[in-house]
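As structure tokens, the structure follows; a few thoughts come after it.
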Amino acid sequence: MSMEQIIDTVRGFVGALVVVPEQGGDFPELVWGDAFFSYAPDGRAPQNVQPYGTIVTKNYPDDAVSDLDSPGRWRLNIHVDRATFRELTGEEPRSLTRPRDYAAADTVMPHPVYGALGWISVVNPGERTTDTVVELLRSAHDAARARCARRHATRRSQEED
């Protein structure tokens, strides 16, 4: 599955906002070419809310073990719930102990930096992981939509008091 296919898939989710920073925009150079997925039914980036998924296209200063600076390599990252994380990795997010080859392609594994926070990653999703990553993106989007609805319900309740 290509980056473009993943981006198009997420753009098809109702209320999805996909941001792909480009050179010359308002974003720092470090994130140019990456992609960020959020639930934003009004089309504006949510404040104080992290994206539920990202695509990174290069090594970051604290994140180089996936070898993303090599040509044609990129990584999809998705926030998942605890049960899904356990099912996918066989471990608890905050108790990661197994050694992993974070540069392995088409393999679902904990995110090399944010795994303890419930993030999984897949370098160059392919035939083995395509169905899984689409399902995980849909679930992450639905969870973000539910969190947004709860936040709005809480605000309305507080305003009525």
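Read-outs: derived from the displayed coordinates by stated rules, not from any lab. Predicted, not measured: the structure shown is a model, and the values here were computed from it. Virtual Cβ from ideal backbone geometry, glycine too; neighbours counted across all protein chains shown.
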Between Ala45 and Leu117, what is the spin-label point distance in nm, taking each point 7 Å from the Cα along the Cα→C-beta axis? 1.6
With Cβ to Cβ distances under 9 Å as the rule, what net charge do the other residues near Phe13 carry (K, R +1; D, E -1)? +2
In nm, the gap between the two label points placed 7 Å beyond Cα toward Cβ at Gln23 and Gln5 is 2.8
Give me the one-decimal nm value for the distance between modelled label points at Glu91 and Ala64, 7 Å along each residue's Cα-to-Cβ direction. 2.2
Quick query: amide H of Thr107 versus all other amide H atoms, modeled in the peptide plane; which residues come in under 5 Å with a sequence gap of 5 or more or a different chain? Val123
Mean residue ellipticity (222 nm) of the chain, computed from DSSP H runs ≥ 4 via -39,500 (n - 2.57), nearest 500: -10000 deg cm²/dmol
Here the stretch 134-140 yields Karplus 3J(HN,Hα) values (6.51, -1.76, 1.60; θ = phi - 60°; whole Hz; Gly and Pro given as x) of 5, 4, 5, 5, 4, 5, 5
In Hz, Karplus ³J(HN,Hα) per residue of the stretch 17-32 (6.51, -1.76, 1.60; θ = phi - 60°; x = Gly, Pro): 10, 10, 10, 10, x, 10, 3, x, x, 7, 9, x, 3, 3, 9, 4
Calculate one ³J(HN,Hα) per residue across the stretch 64-80 by plugging θ = phi - 60° into the Karplus curve 6.51 cos²θ - 1.76 cosθ + 1.60, and present them in order as whole Hz with x for glycine and proline. 10, 6, 8, 6, 7, 7, 6, x, x, 9, 7, 9, 8, 10, 9, 7, 10
